[in-house]
Amino acid sequence: MKLQDIDKIKIIKKNVILATIIKAKGSVPRNENVSMVISSSMQFGTIGGGELEYQITRKSKSLLNTLNCNQKIIELPLGPSLGQCCGGFVKIQLNKFKNGKDLLLKNNLKEQIINKNQNLYIFGAGHVAKALLSKLDGVGFNIFVIDSRENFISKINADYVFPILSKEHNVIIKNTPSKSYYLIMTHSHLLDLTICDLLLKKNDYEFIGLIGSKTKKTRFTKRLMEIGYDQKSINNIECPIGINSIKGKEPDVIAISIIARLLEYQSSLTNNEKNYIKLVQNS
């Protein structure tokens, strides 16, 4: 489910279904607690697509038209009966609500999405930031964009983005949550350097990405070492930011490369956590 779906769900006037995976075993397309919303003519989110989602959508629309029944539990093996070879099993709960507002009021979907997401702060609202914003919803981040230029901030109208007009970057960074993600791409190299300094000084970040070339990284390394940071700390700033194998200088290409790198980084954290759990269990 995406944040931009919430306002669309809110205006649904008729009965609507919330379909939630409440149990999943084996190889499954989505995990437990994943939901989708189904009305008579629209659907938002996905529980995995394919024949599974088709059957759940069909059963949901049947429940929409069933009187005196507001809930249904469906158990489906992901095998030959669904034309699938995953071999897993899912149990899905269907809940009917009188309209979109009723569903949102009783389930706090927006809060669930925000709480599940990581916080991503983008400093600079230029071309690359604009390209990023059009692609980031649904990827797993709460998106904040900070810029001191009102004419740039005022053009951000996506309801899943939190635009911040400010020159007080130190105040913003001081108040960001622990282990946030940061992308630095302002209109000024001096401002970029200042933000790098503030983030390293705070020393409570999960990821720092700096847009620029290898030459820019070399110059920033020199300046940051002069300020007093060691090489290990400076190396935590990724510059250039993105996947090395993705080439191109177009804003959309750069944005895709950056998002790919963010997802790659998140996957590495998940794998490290799994390896740690195995290590503890075997010790």
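The values are calculated or read from the model by the stated rules, or taken from the named source; none is laboratory data. Being a predicted model, the structure only gives us computed values, none of them experimental. Ideal geometry is used to build each Cβ from the backbone, glycine not excepted, and the neighbour counts take in all protein chains shown. For the accessible areas, the whole protein counts, side chains as well, though only heavy atoms, and no ligand, DNA or RNA atoms are used. Shrake-Rupley method; radii C 1.70, N 1.55, O 1.52, S 1.80 Å.
Name the single residue that is nearest to residue 135 (Cα to Cα) among those in segment 7-33 being crowded, with 20+ Cβ neighbours inside 10 Å and at pLDDT below 95.
So, considering only residues that are crowded, with 20+ Cβ neighbours inside 10 Å and at pLDDT below 95, the one nearest to residue 135 (Cα to Cα) is 28.
Tell me, which residue of segment 20-47 that is assigned to a strand (DSSP E or B) and of a type outside the set (A, V, I, L, M) is farthest from residue 65 (Cα to Cα)?
25
Which count do you get for residues in segment 65-89 that are closer than 28 Å to residue 101 by Cα, of a type in the set (A, V, I, L, M, F, W, C) and modelled with pLDDT under 95?
Counting residues in segment 65-89 that are closer than 28 Å to residue 101 by Cα, of a type in the set (A, V, I, L, M, F, W, C) and modelled with pLDDT under 95 gives 3.
Suppose we keep only residues that are among the hydrophobic types (A, V, I, L, M, F, W, C), surrounded by fewer than 17 Cβ atoms within 10 Å (Cβ to Cβ) and under 30 Å from residue 58 (Cβ atoms) within segment 105-143. Which one would you say is nearest to the chain's Cα centre (by Cα)?
My answer is 139.
What pairs can you find where one residue is in segment 129-157 and more than 20 Å from residue 172 (Cβ to Cβ), the other is of a type in the set (S, T, N, Q) and in a helix (DSSP H, G or I), and their Cβ atoms are less than 9 Å apart, with a gap of 6+ or different chains?
137/4; 138/4; 140/266
Within segment 151-171, work out how many residues are touching an Asp or Glu at 6+ places or on another chain (Cβ under 6 Å) and among the β-branched types (Val, Ile, Thr).
Of the residues in segment 151-171, 1 are touching an Asp or Glu at 6+ places or on another chain (Cβ under 6 Å) and among the β-branched types (Val, Ile, Thr).
For segment 67-79, which residues satisfy the criterion of being open to solvent by 20 Å² or more (accessible area, probe 1.4 Å) and either of a type in the set (Lys, Arg) or touching a residue at least 12 places away in the same chain (Cβ under 8 Å) (or both)?
69, 70, 71, 72, 73, 75, 76, 77
When the residues of segment 34-43 are filtered to those that are in contact (Cβ under 8 Å) with a residue 24 or more places away in the chain and open to solvent by 20 Å² or more (accessible area, probe 1.4 Å), which remaining residue is nearest to residue 142 (Cα to Cα)?
For segment 34-43, the residue satisfying everything is 42.
Can you name the condition, by its number, that residue 55 falls short on among (1) within 17 Å of residue 93 (Cβ to Cβ); (2) part of a loop (DSSP other than H, G, I, E, B); (3) among the polar types (S, T, N, Q)?
With respect to (1) within 17 Å of residue 93 (Cβ to Cβ); (2) part of a loop (DSSP other than H, G, I, E, B); (3) among the polar types (S, T, N, Q), residue 55 is out only on (2).
All but one of (1) at pLDDT 95 or above; (2) surrounded by 15 or more Cβ atoms within 10 Å (Cβ to Cβ); (3) of a type outside the set (S, T, N, Q) hold for residue 102, so report the exception by its number.
Evaluating residue 102 over (1) at pLDDT 95 or above; (2) surrounded by 15 or more Cβ atoms within 10 Å (Cβ to Cβ); (3) of a type outside the set (S, T, N, Q) leaves (2) as the failure.
Would you confirm whether or not segment 123-130 contains a residue that is more than 23 Å from residue 189 (Cβ to Cβ) and not polar (S, T, N, Q)?
No, segment 123-130 contains no residue that is more than 23 Å from residue 189 (Cβ to Cβ) and not polar (S, T, N, Q).
Across segment 199-233, what is the number of residues that are within 30 Å of the chain's Cα centre (by Cα) and not in a helix (DSSP H, G or I)?
Number of matching residues: 11.
So in segment 155-188, with the set limited to residues that are surrounded by 14 or more Cβ atoms within 10 Å (Cβ to Cβ) and in a helix (DSSP H, G or I), which one is farthest from the chain's Cα centre (by Cα)?
The residue in question is 170.
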